[in-house]
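Right, I'll just put the structure down here and ask away after.
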């Protein structure tokens with residue numbers, strides 16, 4: 001099983017971020033963190049890196065349900081989605097496959113939540 005859900009887009013980097021954010025909203029997710037690795041690598045290491053952003057997405061109702069069933073689940077939250085520029089006009093978007101991460105817990109109630117989140121994230125990625 002792959003640990004990610006992937007799609008390549010013919011779009012600008014900024015357009016891809018915008019489309020991912022909008023699609024996440026449609027599925028009930030919000031962005032609670034955004035890490036610009038290009039900026040951080042330049043700032044901390046003085047290394048020029050490609051456009052690469054990690055979006056931390058959270059669906060509050062699903063997160064609450066998961067935390068009520070497994071209080072340590074927070075180490076696996078939020079659902080990370082990466083947007084990286086492969087070349088000018090070609091962007092790759094990948095989301096965590098929650099079955100790969102949450103499935104490792106061995107809790108059937110969490111497995112059911114992971115199944116639902118996977119369906120939502122697949123719709124986000126598929127509709128880009």
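Quick check on the stretch 96-105. Is at least one of its residues at pLDDT below 95, within 18 Å of residue 65 (Cα to Cα) and not in a helix (DSSP H, G or I)?
No, that holds for no residue.
Kindly provide the set of residues from the stretch 28-56 that are under 18 Å from residue 77 (Cα atoms) and in contact with a strand residue (DSSP E or B) (Cβ under 9 Å, 6 or more places away or on another chain), ordered by number.
Residues satisfying the conditions are 29, 30, 31, 32, 33, 34, 35, 53, 54, 55, 56.
Something else about it: Show the residue pairs that are 6+ apart or on different chains and have beta-carbon atoms under 8 Å apart, the first residue being within the stretch 24-38 and in contact (Cβ under 8 Å) with a residue 12 or more places away in the chain and at positive phi, the second being surrounded by 13 or more Cβ atoms within 10 Å (Cβ to Cβ) and in a helix (DSSP H, G or I).
28/62; 28/120
For the stretch 102-124, name all the residues that are under 15 Å from the mean Cα position of the chain (by Cα) and surrounded by 19 or more Cβ atoms within 10 Å (Cβ to Cβ).
The answer is 102, 114, 117, 118, 120, 121, 124.
Say we look at the stretch 79-100 and pick out the residues that are without any contact (Cβ under 8 Å) to a residue 60 or more places away in the chain and over 19 Å from residue 39 (Cβ atoms); which of these is surrounded by the fewest Cβ atoms within 10 Å (Cβ to Cβ)?
Taking the candidates together, the pick is 87.
Do we have residue 51 as under 21 Å from residue 15 (Cβ atoms), buried (at least 18 other Cβ atoms within 10 Å of the Cβ) and touching a residue at least 12 places away in the same chain (Cβ under 8 Å) here?
It is true that residue 51 is under 21 Å from residue 15 (Cβ atoms), buried (at least 18 other Cβ atoms within 10 Å of the Cβ) and touching a residue at least 12 places away in the same chain (Cβ under 8 Å).
The values are calculated or read from the model by the stated rules, or taken from the named source; none is laboratory data. These numbers were taken from a predicted model, which means no experiment stands behind them. Every residue, glycine as well, gets a Cβ built from its backbone with ideal geometry; the counts of neighbours run over all protein chains shown.
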